[in-house]
1. Quick check on my filter: what residues within the range 125-162 are closer than 20 Å to Gly101 by Cα and not in a helix (DSSP H, G or I)?
2. Would you mind stating whether Tyr93 is in a helix (DSSP H, G or I), free of Cβ contacts under 8 Å to residues at least 24 places away in the same chain, farther than 30 Å from Ile19 by Cα and not small (Gly, Ala, Ser)?
3. Look through the range 134-167, keep the residues that are farther than 15 Å from Pro123 by Cα and in contact (Cβ under 8 Å) with a residue 24 or more places away in the chain, and return whichever of them is surrounded by the most Cβ atoms within 10 Å (Cβ to Cβ).
4. Tell me which residues, restricted to the range 54-87, are assigned to a helix (DSSP H, G or I), modelled with pLDDT under 85 and closer than 30 Å to Pro123 by Cβ.
5. Go through the range 101-124 and count every residue that is under 12 Å from Lys146 (Cβ atoms) and outside any helix (DSSP H, G or I).
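The values are calculated or read from the model by the stated rules, or taken from the named source; none is laboratory data. A quick note: this is a predicted structure, and the numbers were derived from the prediction, not measured. Glycine gets a Cβ as well: all are built from the backbone with ideal geometry, and neighbour counts include every protein chain shown.
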Amino acid sequence: MKYFKKMYIIYLTLFCYGISIILFFVTSRYRIPAIPYFVIFSSAAIYEFTQRVREKRWSSLFGWAIILIIAVIVTNIPIASRGIDPAVAHYNYGTILQNQGRLREAGREYETAISIYPFWWRPYLYLGDIYAQKKDPDRARIIWSKVLMLDKDNKDAIDRINSLDEK
């Protein structure tokens, strides 16, 4: 206990940092500097655990086991919906294909993203761009109108529809 009082600020910092990772999943470039400290404390914990097992001090391990089980449960609770993740992957791949000029494949990727998560306006916007590039302005207008149904103030969709009206 006397060591804890001397080093409480380090423990508190690592605890708060760990909680921030759990709650906000801090970008890895911000996590990396703390990893050596976590390794040191993890190594000490593993050493202490093996010592207590060798000495058969099971009662002292019981409390930590309960804390570990609770931590595992809490860190694996799905806080946000993961429904959009596959749609994002298809959308991202579609933008890569579109930038390469592979419009047919990009259109399929955007349509897949839309089928997975139909309430996300972004794949509609770029699918409309594909129809505009293919010289199908009527279809582009319909798709961009869907963007406005999902996001009524979407400036990009408004600008694209207005550019069709100017032609």
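1. Lys134, Lys135, Asp136
2. On the way: in a helix (DSSP H, G or I): yes; free of Cβ contacts under 8 Å to residues at least 24 places away in the same chain: yes; farther than 30 Å from Ile19 by Cα: yes; not small (Gly, Ala, Ser): yes.
Considered against the rule, which asks whether it is in a helix (DSSP H, G or I), free of Cβ contacts under 8 Å to residues at least 24 places away in the same chain, farther than 30 Å from Ile19 by Cα and not small (Gly, Ala, Ser), Tyr93 comes out as yes.
3. So the residue we want is Pro137.
4. Asp85
5. Number satisfying all stated conditions: 4.
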